[in-house]
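Input: a single structure, listed below in structure tokens.
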């Protein structure tokens, strides 16, 4: 089973929502990650056949299905909101997609409903109505409804976004195991980079209606090809610093480190550092020491987020382990190891180096 | 509060009592009145009390007063107990009007609720046509009630009314609401449907608009038919507004007065003399204040009770 989006574009009221999307999705799970308004939901709706693209084609197993209504396709969809039929019981809800499927008779439906209910841990709630369930149970019902019928294409649009943290962790683990051996194309969208990373599946990064990059999420995290991909996969957000090439070294706020390859003097660069790579102790001899003023320390218990002001009124966040106490207004020095700095060109379109090591992603 | 008071009192006692005897009385005073009282806030409630008493409680009590007396003149009256209640409930004319009104309300609900919901389902959801449809549907609600009556009185006439003329001369059906009691009944019923279905439609429309789009997409993905979508998504989500629509339409149709009064005046014969028309005949026409008072109270109570029953049944059946 494969799904191909061939040059799909969607425009609404003069705005481009999807711009020439070209993707080939194999069976098994693919993660779709991007910030809000990246076009994730629009892409899924087009893939499902819920709304037609303005241009481009959608192919399932090589067959063009662009104009075919969702009713005639083999699709299941899970929404961010918990969508179930309010007047039907959990059992009837899960059975609803099977009713019109000739492969299932009455007994077959009942067996299948119990099977997926067992899988989703809601086997003891089959007689209840959605209004009598908690949010997590409602979403489990909605997911069970989507899993009940074997489909070509299973779409999950931020299914865990409206659940509380604990339930989210638990359901995520369940889903990961479930999709691993799936024969359908499973497309799972999320705005949460940590969720995308924890699924460790082939990942599509979407931004402003365009495909930013496709690949293994761990690779993308280690070597983000563009600043946009690095930013999408960083939570808390990336720290950005200005850099400039001088005498074979990269200068940043008065400090400098050797440039990994020859650059023309005076070239402007963008340096990106993840907050957890900023420390308050010198951990390597080559680390850049940056003078900073402490603005705010947010303590979450397991971590402390230190908000700093660097010279030139640049904002920097350090993600430090454990509970650490600081006094706002005091001056300090923070350290950044050049080995952990992503060096982008001035447009952010090209990764020139990850720290000291040279990368060559664009040939 | 009392604990704090005790602490404060003992402090006063501990410091002041050894020095002067007057301190003891000070401590006692603190205990007796822990916090100063101020009843001036009652003045804020007064306007409401006065206006409700003046506009609702006193008029209602006057009716109660009349209902238990036989009034010959303002100075000449005797107490008759529940006599009027007995005579009103046994009066065949009142009983017939009661059955007639109940039947009318039942027919109004059976016609207006499904029709209103159907209208709401087919009304456009966006674009210019949404505004056009909303204005057109809301139009009958903006017409004064006696004007509605006048419109229909003319519209349904066989000689000069467009509706009545069409039925008589184009469809070839003999239709005359001033002579035939069935025709009169149909005229009043259709007029009410024309006047009030828009209210149900607007309520249902608002209810339908509040259903999130993904519900319909989910139904589409399941291959659900339009009927199944209506039955399992739209109708359950309309429960709240339909409860309100049924209550409003029942109360209003059970108390209908102006429109039939203008169109048929309760006739021909008694064919369209509903409870309110009969009541005004007794109270204003014959000036029988005693029976009219008893009648009013029973009427009022019945509407209250039936509304309570409707509300209870409709809100419970969904759980």
Which residues, taken from the stretch A:55-65, are farther than 22 Å from residue B:218 by Cβ and either touching a strand residue (DSSP E or B) at 6+ places or on another chain (Cβ under 7 Å) or within 14 Å of chain B (Cβ to nearest Cβ) (or both)?
A:55, A:56, A:57, A:59, A:64
Quick count over the stretch B:244-265, residues being farther than 21 Å from residue B:182 by Cβ and surrounded by fewer than 18 Cβ atoms within 10 Å (Cβ to Cβ), is 8
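State whether the residues of the stretch A:260-279 include one that is more than 31 Å from the chain's Cα centre (by Cα), at pLDDT 85 or above and within 28 Å of residue A:225 (Cα to Cα).
The answer is no, given that none of the residues of the stretch A:260-279 is more than 31 Å from the chain's Cα centre (by Cα), at pLDDT 85 or above and within 28 Å of residue A:225 (Cα to Cα).
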Per-region count, the stretch B:266-286, residues surrounded by fewer than 16 Cβ atoms within 10 Å (Cβ to Cβ) and in a loop (DSSP other than H, G, I, E, B):
3
So which helices (runs of 4 or more DSSP H) are wholly in the stretch B:105-214 and hold at least 3 residues that are more than 23 Å from residue B:250 (Cα to Cα)?
B:128-138, B:145-155, B:162-165
Residue B:57 - would you say it is assigned to a helix (DSSP H, G or I), surrounded by 11 or more Cβ atoms within 10 Å (Cβ to Cβ) and in the same structural domain as residue B:208 (by TED's automatic domain parsing)?
no
Output yes when any residue across the stretch A:116-139 is under 30 Å from residue A:53 (Cα atoms) and in contact with a helix residue (DSSP H, G or I) (Cβ under 9 Å, 6 or more places away or on another chain), and no when none is.
yes
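Let's see how each residue does on (1) surrounded by 15 or more Cβ atoms within 10 Å (Cβ to Cβ); (2) within 12 Å of chain B (Cβ to nearest Cβ); (3) not in a helix (DSSP H, G or I):
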site: A:68; (1), (2), (3): no, no, yes
site: A:77; (1), (2), (3): yes, yes, yes
site: A:83; (1), (2), (3): yes, yes, yes
site: A:93; (1), (2), (3): yes, yes, no
site: A:103; (1), (2), (3): no, no, yes
site: A:107; (1), (2), (3): no, no, no
site: A:111; (1), (2), (3): no, no, no
site: A:118; (1), (2), (3): no, no, no
site: A:121; (1), (2), (3): yes, no, yes
Residue that is within 14 Å of another protein chain (Cβ to nearest Cβ) and touching a residue at least 40 places away in the same chain (Cβ under 8 Å), where the choices are A:152, A:174
A:152
Go through the stretch B:60-92 and count every residue that is assigned to a loop (DSSP other than H, G, I, E, B) and crowded, with 16+ Cβ neighbours inside 10 Å.
3
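Return yes or no: is residue B:220 closer than 27 Å to residue B:106 by Cα, within 14 Å of chain A (Cβ to nearest Cβ), part of a helix (DSSP H, G or I) and in contact with a helix residue (DSSP H, G or I) (Cβ under 8 Å, 6 or more places away or on another chain)? Please lay out each step first, then the result.
Details: closer than 27 Å to residue B:106 by Cα: no; within 14 Å of chain A (Cβ to nearest Cβ): yes; part of a helix (DSSP H, G or I): yes; in contact with a helix residue (DSSP H, G or I) (Cβ under 8 Å, 6 or more places away or on another chain): yes.
Criteria not met by residue B:220.
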Residues satisfying the stated conditions in the stretch A:309-321, i.e. surrounded by fewer than 15 Cβ atoms within 10 Å (Cβ to Cβ) and either out of contact with any strand residue (DSSP E or B) (no Cβ under 7 Å at 6 or more places or on another chain) or closer than 13 Å to residue A:278 by Cβ (or both):
A:312, A:313, A:315, A:321
Tell me the residue from B:289, B:202 that is at negative phi, at pLDDT 90 or above, surrounded by 20 or more Cβ atoms within 10 Å (Cβ to Cβ) and away from chain A (no Cβ under 12 Å), please.
B:202
Take residue B:168 and decide whether it is free of Cβ contacts under 8 Å to residues at least 12 places away in the same chain, under 18 Å from residue B:268 (Cβ atoms) and assigned by TED's automatic domain parsing to the domain that holds residue B:201.
yes
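Are any residues in the stretch A:294-322 under 17 Å from residue A:240 (Cα atoms) and over 23 Å from the mean Cα position of the chain (by Cα), and if so, which ones?
Listed by number, the residues that qualify are A:306, A:307, A:308, A:309, A:310, A:311, A:312, A:313, A:314, A:315, A:316.
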Restricting the search to the stretch A:23-47, which residues are modelled with pLDDT under 90 and either closer than 26 Å to residue A:94 by Cα or within 9 Å of chain B (Cβ to nearest Cβ) (or both)?
A:27, A:28
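With B:122, B:117, B:108 as the choices, which residue is under 27 Å from the mean Cα position of the chain (by Cα) and under 18 Å from residue B:208 (Cβ atoms)?
B:117
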Answer yes if at least one residue in the stretch B:181-193 is surrounded by fewer than 17 Cβ atoms within 10 Å (Cβ to Cβ), over 28 Å from residue B:216 (Cα atoms), at pLDDT below 90 and out of contact with any strand residue (DSSP E or B) (no Cβ under 6 Å at 6 or more places or on another chain), and no otherwise.
yes
So residue A:99 clears everything in (1) within 14 Å of chain B (Cβ to nearest Cβ); (2) modelled with pLDDT of 90 or more; (3) surrounded by fewer than 21 Cβ atoms within 10 Å (Cβ to Cβ) except one condition, right? Which one?
(2)
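Residue-wise test of (1) more than 16 Å from the chain's Cα centre (by Cα); (2) on the phi < 0 side of the Ramachandran plot.
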| position | (1), (2) |
| --- | --- |
| A:143 | yes, yes |
| A:158 | no, no |
| A:176 | no, yes |
| A:180 | yes, yes |
| A:185 | yes, yes |
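The values are calculated or read from the model by the stated rules, or taken from the named source; none is laboratory data. The shown structure was predicted, so the numbers you read here are calculated from the model rather than taken from an experiment. Every residue, glycine among them, receives a Cβ derived from its backbone with ideal geometry; neighbour counts consider all protein chains shown.
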